[in-house]
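Notes follow once the structure below has been shown.
A short reminder: the numbers here are calculations on the coordinates, not readings from a lab. These numbers were taken from a predicted model, which means no experiment stands behind them. Cβ coordinates were reconstructed from backbone atoms using ideal geometry, including for glycine residues, and neighbour counts include every protein chain displayed.
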Amino acid sequence: MSHKRFDEALQHALRALELDPLSHLANNDLSVILYCSRRFCESGKRALEAEAFRPGYAPAYAMAGMSETGQGRFAQAAAEFRKGANLSAAGILTTWAG
């Protein structure tokens, strides 16, 4: 994807966040776009915002982990990935248990 398309995606994501600033989905989507644009620090901050707006939102921890990896902080990345994996596993077990 060209750099121009990342800029366009970023503008759309920022507009979505402007319309719904408390949306965990809009924050996480922005985190993905920032990550793909190699803006790892900003991506991690947005991922944590997403988790703050919806505690226990496992995809936010995955994005936080990817952002940490992009910054070369592998121990912190592993911790974020573990949090997300534990939440995902708990959610799946809860769903199956009914």
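Within the set [x] 41, 25, 17; [y] 73, 24, 19; [z] 46, 33, 22, the number that Cα extents along the principal axes in Å takes when calculated for this structure is listed as [z].
For residue 22 and residue 85, what is the calculated FRET efficiency with R₀ set at 25 Å and r taken between the beta-carbons, to the nearest 0.05? The partial results should precede the final answer.
Details: r = 26 Å, r/R0 = 1.04.
About 0.45, to the nearest 0.05.
Here r is the Cβ-Cβ distance between residue 52 and residue 4 and R0 is 22 Å; the resulting FRET efficiency, rounded to 0.05, is 0.10.
Taking only DSSP H segments of four or more residues, each worth -39500 (n - 2.57), what value at 222 nm results for the chain once the sum is divided by all its residues, to the nearest 500 deg cm²/dmol? Show your work: numbers first, answer last.
Working: 5 runs with 81 residues, N = 98.
Computed mean residue ellipticity for the chain: -27500 deg cm²/dmol.
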